[in-house]
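Before any comments, here is the structure.
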Amino acid sequence: MAEEQRRHPRKSLQVDFRAKNASGAGQLLFEGVDLSAGGSFLRSELLLEDGEALVVEFRVPGVPRLMKAQARVAWVRRFPRDGEPAGMGIEFLSMSEEDRSILESYLETVGGGW
């Protein structure tokens with residue numbers, strides 16, 4: 001994804017995600033390799049469709065609260081190259097004000113951004 005398309009700076013950190021489709025059926029586990037207030041990149045060989053709606057839950061390191069967001073698959077990297085992993089970028093569409101505030105505060109305290 002082109003850097004100019006990003007509205008939120010990313011932080012390079014590992015976060016485990018639990019995802020369900022929008023109806024709440026099924027459950028998949030993914031490893032997030034970066035995180036921003038706007039979404040995450042999920043490293044995975046199992047790829048969902050671009051635009052697919054999800055409900056995701058995750059915990060950020062050191063924060064006991066389980067965060068929850070409505071999300072969508074924003075883009076998919078099906079054929080990785082140059083050492084980049086296969087996976088997909090997800091965009092957080094909505095989350096509670098409390099979760100968003102906690103996430104934004106956490107992201108301000110950690111390094112590793114780009």
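Coordinate-derived values only; no laboratory data. What you are looking at is a predicted structure, and each value in this text was computed from that prediction instead of being measured. Cβ atoms come from the backbone with ideal geometry, glycine included; neighbour counts cover every protein chain shown.
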Name the residue that is surrounded by the fewest Cβ atoms within 10 Å (Cβ to Cβ), counting only residues in segment 72-95 that are of a type in the set (F, W, Y) and either under 16 Å from the mean Cα position of the chain (by Cα) or under 15 Å from S36 (Cβ atoms) (or both). W75
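Output the residues belonging to segment 80-105 that are hydroxyl-bearing (S, T, Y), more than 16 Å from N21 (Cα to Cα) and not in a helix (DSSP H, G or I). Reasoning before the result, please.
Looking only at segment 80-105, we keep the residues that are hydroxyl-bearing (S, T, Y), and these are 94, 96, 101, 105.
Then drop every residue that is not more than 16 Å from N21 (Cα to Cα), which leaves 96, 101, 105.
Passing the criteria: only S96.
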Name, by its number, the condition in (1) surrounded by 19 or more Cβ atoms within 10 Å (Cβ to Cβ); (2) of a type in the set (D, E, K, R); (3) more than 27 Å from T109 (Cβ to Cβ) that does not hold for D34. (3)
Keeping to segment 7-21, report how many residues are more than 14 Å from F92 (Cβ to Cβ), part of a loop (DSSP other than H, G, I, E, B) and over 13 Å from the mean Cα position of the chain (by Cα). 0
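Select, from E98, E57, E108, the only residue that is surrounded by 14 or more Cβ atoms within 10 Å (Cβ to Cβ) and charged (D, E, K, R). Even if it seems obvious, please write down each step before you answer.
Numbers: E98 fails: surrounded by 14 or more Cβ atoms within 10 Å (Cβ to Cβ); E108 fails: surrounded by 14 or more Cβ atoms within 10 Å (Cβ to Cβ).
None of the other options fit; the residue is E57.
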Looking only at segment 42-52, decide whether some residue is under 25 Å from E108 (Cβ atoms), of a type outside the set (S, T, N, Q) and touching a Phe, Trp or Tyr at 6+ places or on another chain (Cβ under 7 Å). yes
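Please specify each residue of segment 74-90 satisfying the condition of being over 13 Å from E57 (Cα atoms), of a type outside the set (F, W, Y) and in contact with a strand residue (DSSP E or B) (Cβ under 7 Å, 6 or more places away or on another chain).
Within segment 74-90, the subset over 13 Å from E57 (Cα atoms) is 74-89.
Still in the list and also of a type outside the set (F, W, Y): 74, 76-78, 80-89.
Residues satisfying the conditions are A74, V76, R77, E84, P85, A86, G87, M88, G89.
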